[in-house]
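A quick write-up on the structure given underneath.
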Amino acid sequence: MANQEMITSLKAGKVADFNAHRVEHPDEEFNLRGANLSGADLSEASLSEADLRGANLSGADLSGADLRGADLSGANLYGADLSGAKLTDALGLETAQLIGINWFNVRGVRREIVQASHLLTQATIKFTD
């Protein structure tokens, strides 16, 4: 279960406090699994090694965030800003929702993931009866 105190802090835009807590407690597990952080300002957040499986990060500002080694399996990143984020060794990007993402200057992501995201963003699907 996700740590509600961490989620509340991040939703309130207290990224500096969150980052300081991470420095003070380097061995603590950061479980944000299934958290609703939609639209949150998480720029420069220290989310390395965090469990973000199934988290709703749609429209979140993750610019400059440290997501190295984070598990993003099944996360919703629709429309998120990942510009300048560090994603080296991040897990689960293959199963995350990656439509409409700003990938500018992202580090540590395989080219195939970014290309697939752009193709999904540009695709138009029309169903007819």
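Among the residues of region 64-75, just one is surrounded by fewer than 24 Cβ atoms within 10 Å (Cβ to Cβ) and touching a residue at least 24 places away in the same chain (Cβ under 8 Å), namely ARG68. Residue pairs whose Cβ atoms lie under 6 Å apart, separated by 6 or more positions or on different chains, with the first residue in region 18-34 and within 18 Å of GLU44 (Cβ to Cβ) and the second open to solvent by less than 60 Å² (accessible area, probe 1.4 Å) and in a helix (DSSP H, G or I), are PHE18/SER9; PHE18/LEU10.
Quick grid of which residues meet (1) over 23 Å from ASN102 (Cβ atoms); (2) part of a loop (DSSP other than H, G, I, E, B); (3) not hydroxyl-bearing (Ser, Thr, Tyr):
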| position | (1), (2), (3) |
| --- | --- |
| MET6 | yes, no, yes |
| LEU10 | no, no, yes |
| GLY13 | no, yes, yes |
| PHE18 | no, no, yes |
| GLU28 | yes, yes, yes |
| SER38 | no, yes, no |
| SER43 | no, yes, no |
| SER48 | no, yes, no |
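Of the residues that sit in region 85-129 and are at pLDDT below 65 and among the charged types (D, E, K, R), which one is surrounded by the most Cβ atoms within 10 Å (Cβ to Cβ)? Checking each candidate, the answer is LYS126. For GLY39, indicate whether it is open to solvent by 10 Å² or more (accessible area, probe 1.4 Å) and at pLDDT 95 or above. When the stated conditions are applied, GLY39 passes them.
The values are calculated or read from the model by the stated rules, or taken from the named source; none is laboratory data. In this text the structure is predicted, and so the values were computed from the model without any measurement. Quick reminder, even Gly has a Cβ in these numbers, built from the backbone with ideal geometry, and neighbours come from all protein chains shown. Accessible surface is based on the protein model in full, side chains and every heavy atom, while ligands, DNA and RNA are left aside. Shrake-Rupley method; radii C 1.70, N 1.55, O 1.52, S 1.80 Å.
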